[in-house]
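Reviewing the structure listed below.
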Amino acid sequence: MKTLIHLPTNLFCHSINQIKMNRVFSLGSEWVYFKIYSGYKIADIILLEYLKEKIELLQSQNHIKKWFFIRYKDSDSHLRVRFQVNGHENFFHVMKEFKPVWEDLLVKNYTWKVQNDTYLREIERYGEKTIEDSETLFYFDSILMLDYLSLKNHFQKEDTQLLFSLIVIDRFLDAFLLSISEKFHLLNEMQQSFKNEFNATKVLKSEFDKHYRSLEKEISNTINQFENPEFASLHEIIDEKSNNIKPIANSIKKNLEINLNSFLSSHIHMIINRQYTSRQREYEILIYDHLFRYYKTCFYREVDFLKDDTIQNLVTLGNK
């Protein structure tokens, strides 16, 4: 005899403890949270060949508002995918739609475990008033990374993925209207923090310097969108994300209750997390180093230009 489980009618009602409700979303709430355990190389196949089409279908049918994923490793590597359903009736629909997907992955040994979990919002990290906007940033970044993964196999050079990272982060900072000076100081903090954490030696710094010099012209050309056929499609998907997040960035700047640099650093960290399947911390220190060097050049070039302009103005005044 089957036992029927009757869920309470007020399951989706706001809790009396509003703060707790905003922070914690258990099974049956507006957030559906899956953990998909797999090898890190298989994770991209799962995202592209099994989740992408299903997610696009659910969105086109208005069953989900937004979604995002992160890569994670505790005891085992896995994808964490979260869906915000559009109304409580869609919770069960989303669960039902993904059931055959998980069964297929298990049969093919692409995953050995799929489980639901409670979503705990990182309010201290992203701010209470800006956590929902942060989730929207995660959403647009997740869309970008799926598009990136679909193009990745066509890359002709190994450094293309690094250049992509630099552009994505630069455009992200542009959305928050950071000046060259602000970008320079932010990336200086970030790269220095990582080098301290990794106990970066003179040898490592020398290797970074050599690698940057080999790419310096290409980094500048790519960030400034000089013509490069290989990057045409990449710039297109990056620009789409940039246009989507500009109003969100404006809202965040108005409501942010935590340090802006700390907030931006956290989001940049998650951008890198979504892009790279493995060795994320190694890529992170390399990306921060190279972006810092690029901004340093731009910053001092701007300072020199202002100095020259000031001197020229003084000379002009003196000749009057």
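Readers should treat all values here as calculations from the given coordinates under stated rules, not as data from a laboratory. Everything quoted here is computed from the prediction, not taken from an experiment. Cβ placement follows ideal geometry from the backbone for every residue including glycine, while neighbour counts extend to all protein chains displayed.
Return the residue satisfying two criteria in turn: it lies in the stretch 173-184 and is surrounded by fewer than 16 Cβ atoms within 10 Å (Cβ to Cβ) and not hydrophobic (A, V, I, L, M, F, W, C), and of such residues it is nearest to Y300 (Cα to Cα). Looking at residues that are surrounded by fewer than 16 Cβ atoms within 10 Å (Cβ to Cβ) and not hydrophobic (A, V, I, L, M, F, W, C), I get S181. Residues in the stretch 210-248 that are over 30 Å from K129 (Cα atoms) and surrounded by 13 or more Cβ atoms within 10 Å (Cβ to Cβ): 17 in all.
Got at least one residue in the stretch 132-147 being among the β-branched types (V, I, T), more than 23 Å from F263 (Cβ to Cβ) and in contact (Cβ under 8 Å) with a residue 24 or more places away in the chain? Checked against the condition, which is being among the β-branched types (V, I, T), more than 23 Å from F263 (Cβ to Cβ) and in contact (Cβ under 8 Å) with a residue 24 or more places away in the chain, the stretch 132-147 yields no hits at all. Residues in the stretch 178-226 that are of a type in the set (A, V, I, L, M) and in a helix (DSSP H, G or I): I180, L186, L187, M190, V203, L204, L215, I219, I223.
Just wondering, is there one or more residues in the stretch 52-61 that are closer than 18 Å to L105 by Cβ, surrounded by fewer than 19 Cβ atoms within 10 Å (Cβ to Cβ) and under 16 Å from the mean Cα position of the chain (by Cα)? Checked against the condition, which is being closer than 18 Å to L105 by Cβ, surrounded by fewer than 19 Cβ atoms within 10 Å (Cβ to Cβ) and under 16 Å from the mean Cα position of the chain (by Cα), the stretch 52-61 yields no hits at all.
Answer yes or no: is there a residue in the stretch 108-124 that is part of a helix (DSSP H, G or I) and within 16 Å of I252 (Cα to Cα).
Going residue by residue through the stretch 108-124, those that are part of a helix (DSSP H, G or I) are 123-124.
Retained after the next criterion (residues that are within 16 Å of I252 (Cα to Cα)): 123-124.
Yes, some residue in the stretch 108-124 is part of a helix (DSSP H, G or I) and within 16 Å of I252 (Cα to Cα).
Among the candidates W67, W102, the residue that is assigned to a helix (DSSP H, G or I) and not charged (D, E, K, R) is uniquely W102.
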